[in-house]
Protein chains: 2
Amino acid sequence: VIYVITPSKPGPTQKADLTRLASTLRQVPALHWIVIEDQPAPTALVAALLERSGMRNSYSHLAVQSEAVSAGPRYKTARGVEQRNLGIAHLRELVSAAAAAAAQLKRSPQRPGDQQGESETSAPEGVVYFADDDNTYDLRVFEEMRFTQHVSVWPVGIVGGLMYEGPVVDLATRRVVRWHVGWKKQRQFPIDMAGFAIHARNFINTPGELLSRSSPRGYLESHLLARFVRQLAQLEPKADLCSTILVWHTRTEAPDLSQEEAHPSDPLVEV
Amino acid sequence: VIYVITPSKPGPTQKADLTRLASTLRQVPALHWIVIEDQPAPTALVAALLERSGMRNSYSHLAVQSEAVSAGPRYKTARGVEQRNLGIAHLRELVSAAAAAAAQLKRSPQRPGDQQGESETSAPEGVVYFADDDNTYDLRVFEEMRFTQHVSVWPVGIVGGLMYEGPVVDLATRRVVRWHVGWKKQRQFPIDMAGFAIHARNFINTPGELLSRSSPRGYLESHLLARFVRQLAQLEPKADLCSTILVWHTRTEAPDLSQEEAHPSDPLVEV
Ligand SMILES: O=c1ccn([C@@H]2O[C@H](COP(=O)(O)OP(=O)(O)O)[C@@H](O)[C@H]2O)c(=O)[nH]1
Ligand SMILES: O=c1ccn([C@@H]2O[C@H](COP(=O)(O)OP(=O)(O)O)[C@@H](O)[C@H]2O)c(=O)[nH]1
Ligand SMILES: [Mn+2]
Ligand SMILES: [Mn+2]
C-alpha cells in the first residue's frame, strides 16, 4: 500500500487543487490517501469532495490548525508541519492495525499451513509519500515508489529556482553520488518533499514528531531524511536512475478577486 | 463524442499542465482530444506525452504558431486564436468523416432495415468543448456537456476577478436570464471558454475561421457564441441550473528559474 500524506490549506483554489489531485490518485491501485486540513476541524467541503472522489474507503480525513508563527516572516518558515505530523501519527495507527490484522490472519486455524502463536504482529508493510495538493504527478511515479525498500529518491521538476532538482546517480555503481541543486545547497539532503518515499517501517520504528516547526523553510525534508539515512549510497534511485521527471512542483497562481467587492458572488455557491 | 480542443503554449510548465489534463481526460469515455501546439510543428515532447497518456487513438496532435502581435500590449490580445481555429478545421474533418461512415453503415446491405441511398451523409454528431491546458476540470463536467443540443452553459470558478462567473438561471422558467460577472460586463456573452459547449453541427453549418485575432482579450467567447445564439433563452443551463462549479480557471504560476544560470540543468532531461 502507498500511504499518501497531503496537507491542505484553505483558500480559493483549495477545491480545484484537491479535485485534480483526487482525479489522479483515484487511478492508482492500493493507495490510501491521508488528507489533513489546516483547520480546527475537517470541513464539509473536503469531506464531500473525498466522498465523491472515487477513492472509496481508501482515504482518511483529518484536520489540525497550524500554530501561529511567532518570529520571522511567514515565507521563511516551513509549511504543513503540524498537518504532516498528524498524518504520520494516523499512518502509524493504520500500519499497526494492518500488521495486527495480517498476524491474526496468519494465526487463524481456518488457514492451512499456519504457524500458531508465532508472533503478535506482522512486519509493517507500505510506503509513505508526502504529496502537496498543488504539485503535478505523473501516474508512473506511484509505480516507481511502490517498491521502496528503505528510502527511494527521484528528481522533481520546476523547483528551487531550477528546471529540476534531483539526485545525480553514478551509472557504474547505480548509486546516488551528489545532487543537482541551486537553492540552499548546504542542506544534507537537498530534496523537495515530492522527491522521495520512505518505507512505512521507519515511521513505526522511530516514534515521536518527525517534523519540527523550528526547521527553516527547505530543511523539513533534510531533517526528516537524516533520521533514516546516513549515507547517500543507502538511497534507492528511481525514475530511470533519476533521469526522468515524473513529478513537478507546480504552484497554482493566487487568484485575482478584485471584482468581488463590487459584484459579490453568492456565498452559497461552493467554489 | 466530446471533441475537446486544447491550445498549448511551449514553456517550462507545459508538460506538467498537459500531464494532469491528460490524467483527467483519459478517464472520460467517448472523448476525442485535439491538442494544437503553439509551434511551427508538433513537438516530440507532446507527441510522446499523448502516446503514453492512455488516450489510445482518441486524440489528434497538431501545431500552428501564433501570429506576431503587431499592435498593443500582449496581455490585451486574445490567446490561442490560431490554434483553436486550426482545431476547429480539424474537427470539421473528423465530424464529416464520422457522418460519412455512419451513412455508409446505414446503406450497407448487411444491416437489416436500412433505407438504401437515402442520404450521402448522416447528421453531424458530437459536442465541442474548448479546454485550456491549465484549467481544472471535475470529471462530472463532461457528463453535463455530453447531452448538449445546441449550446450549453455553466459557471466557471476563479475567473474575471470573481470567485466564479456564470449564467444566472430563473428557477421558474429554467432559462438563463442574466450573468454574474464583474469584468467587461458589456460583452453580449460574458463567459469564459471553459463555461460552454457547442453541438458539432454548428461548426459544420458555419464555415470559415470562427475566432479572430482582432477580438480583444475576453471577447473571443462572446463573438463565437454570437454566431450561434440570438437570445439567452436558447442557452441550455447545466450543472444544477448553473449552481454547481465543475470547472476552475486556475493558472499555473510562472516558475522561478533564477538558479539556472549558476547551476544549469541538463538540457537532455525533459521537464
Ligand atoms: O499554512 C499552510 C501552508 C501550506 N499548507 C499545505 O502545505 C503544502 C505545501 O504548501 P505550499 O504548496 O504553499 O508550499 P510550496 O508550494 O511553497 O512548497 C500544501 O499541500 C499546502 O496546502 C498548509 O497546510 N498550511
Ligand atoms: O501565446 C499563447 C498563449 C496561450 N496559449 C494557450 O491558450 C490557452 C489560454 O492561454 P492562458 O492559459 O495563458 O490564458 P488565461 O489563463 O489567461 O485565460 C492555453 O491552453 C495556452 O496554452 C497559446 O497557445 N499561445
Ligand atoms: Mn506547493
Ligand atoms: Mn489559463
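The values are calculated or read from the model by the stated rules, or taken from the named source; none is laboratory data. In this text, all values refer to a predicted model and were calculated from it rather than measured experimentally. Reconstructed Cβ throughout: ideal geometry from the backbone, glycine too, with neighbour counts over all protein chains shown.
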### Query
Any residue in the range B:221-231 that is surrounded by 19 or more Cβ atoms within 10 Å (Cβ to Cβ), within 16 Å of ligand 3 (Cβ to nearest atom) and touching a residue at least 24 places away in the same chain (Cβ under 8 Å)?
no
### Query
Which ones in the range A:20-35 are surrounded by fewer than 24 Cβ atoms within 10 Å (Cβ to Cβ) and within 11 Å of chain B (Cβ to nearest Cβ)?
A:ALA22, A:SER23, A:THR24, A:ARG26, A:GLN27, A:VAL28
### Query
Where residues in the range A:144-193 are away from chain B (no Cβ under 11 Å) and under 14 Å from A:THR244 (Cβ atoms), which of them is surrounded by the most Cβ atoms within 10 Å (Cβ to Cβ)?
A:TRP154
### Summary
Checked against (1) more than 16 Å from ligand 3 (Cβ to nearest atom); (2) under 27 Å from A:THR250 (Cβ atoms); (3) modelled with pLDDT of 95 or more; (4) in contact with a strand residue (DSSP E or B) (Cβ under 7 Å, 6 or more places away or on another chain), B:LEU246 satisfies every condition except (4)
### Task
State all residues of the range A:63-86 that are buried (at least 17 other Cβ atoms within 10 Å of the Cβ), within 16 Å of ligand 3 (Cβ to nearest atom) and either at pLDDT below 80 or in a helix (DSSP H, G or I) (or both); if no residue qualifies, say none.
A:VAL81, A:GLN83, A:ARG84
### Message
Here is a check on your reading of the model: is B:VAL229 modelled with pLDDT of 95 or more, of a type in the set (Val, Ile, Thr) and within 16 Å of ligand 4 (Cβ to nearest atom)?
### Response
no
### Query
Which residues, counting only those in the range A:125-141, are more than 8 Å from ligand 1 (Cβ to nearest atom), farther than 28 Å from A:ASN205 by Cβ and not polar (S, T, N, Q)?
A:ASP138, A:LEU139, A:ARG140
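Given the range A:183-271, what helices (runs of 4 or more DSSP H) lie entirely inside it while holding 3 or more residues that are more than 16 Å from ligand 2 (Cβ to nearest atom) and closer than 25 Å to B:PRO264 by Cβ?
Working: elements: A:201-205, A:220-228, A:239-242.
Counting at least 3 such residues, we get A:239-242.
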## Note on the structure
Within the range A:104-127, restricting to residues that are of a type outside the set (Val, Ile, Thr) and modelled with pLDDT of 90 or more, the one that is farthest from A:ASP192 (Cα to Cα) is A:ALA123
### Query
Out of (1) of a type in the set (Val, Ile, Thr); (2) within 16 Å of ligand 4 (Cβ to nearest atom); (3) touching a His at 6+ places or on another chain (Cβ under 7 Å), what's the single condition that is false for A:THR148?
(2)
### Summary
A:ILE36 passes all but one of the listed conditions (1) within 16 Å of ligand 4 (Cβ to nearest atom); (2) in contact (Cβ under 8 Å) with a residue 12 or more places away in the chain; (3) not in a loop (DSSP other than H, G, I, E, B); the exception is number (1)
#### Entry: Residue tally, condition more than 7 Å from every other protein chain (Cβ to nearest Cβ), over 16 Å from B:ARG146 (Cα atoms) and not hydrophobic (A, V, I, L, M, F, W, C), over the range B:239-259
2
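Residues are listed down the side, and each one gets a yes or a no for (1) within 17 Å of B:ASP134 (Cβ to Cβ); (2) within 14 Å of chain A (Cβ to nearest Cβ):
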site: B:ILE2; (1), (2): no, no
site: B:ALA16; (1), (2): yes, yes
site: B:ALA44; (1), (2): no, no
site: B:ASN57; (1), (2): no, no
site: B:LEU62; (1), (2): no, no
site: B:ARG79; (1), (2): yes, no
site: B:GLN83; (1), (2): yes, no
site: B:ILE88; (1), (2): no, no
site: B:ARG92; (1), (2): no, no
### Query
Somewhere in the range A:196-205, is a residue surrounded by 17 or more Cβ atoms within 10 Å (Cβ to Cβ), out of contact with any helix residue (DSSP H, G or I) (no Cβ under 8 Å at 6 or more places or on another chain) and either over 21 Å from A:VAL127 (Cβ atoms) or among the aliphatic types (A, V, I, L, M) (or both)?
no
### Summary
Among the residues of the range A:1-19, the number that are part of a loop (DSSP other than H, G, I, E, B), buried (at least 16 other Cβ atoms within 10 Å of the Cβ) and more than 17 Å from the chain's Cα centre (by Cα) is 2
### Query
Of (1) more than 14 Å from every other protein chain (Cβ to nearest Cβ); (2) free of Cβ contacts under 8 Å to residues at least 24 places away in the same chain; (3) acidic (Asp, Glu), B:GLU51 satisfies all except one. Which?
(1)
### Query
Does B:GLU51 meet the test of being modelled with pLDDT of 90 or more, surrounded by fewer than 12 Cβ atoms within 10 Å (Cβ to Cβ) and assigned to a helix (DSSP H, G or I)?
no
### Query
So which of B:ALA22, B:ALA44 ends up being under 17 Å from the mean Cα position of the chain (by Cα) and free of Cβ contacts under 8 Å to residues at least 40 places away in the same chain?
B:ALA22
### Of all residues making up the range B:232-271, the number that are aliphatic (A, V, I, L, M), under 30 Å from B:VAL141 (Cβ atoms) and away from ligand 1 (no atom under 16 Å from the Cβ)
9
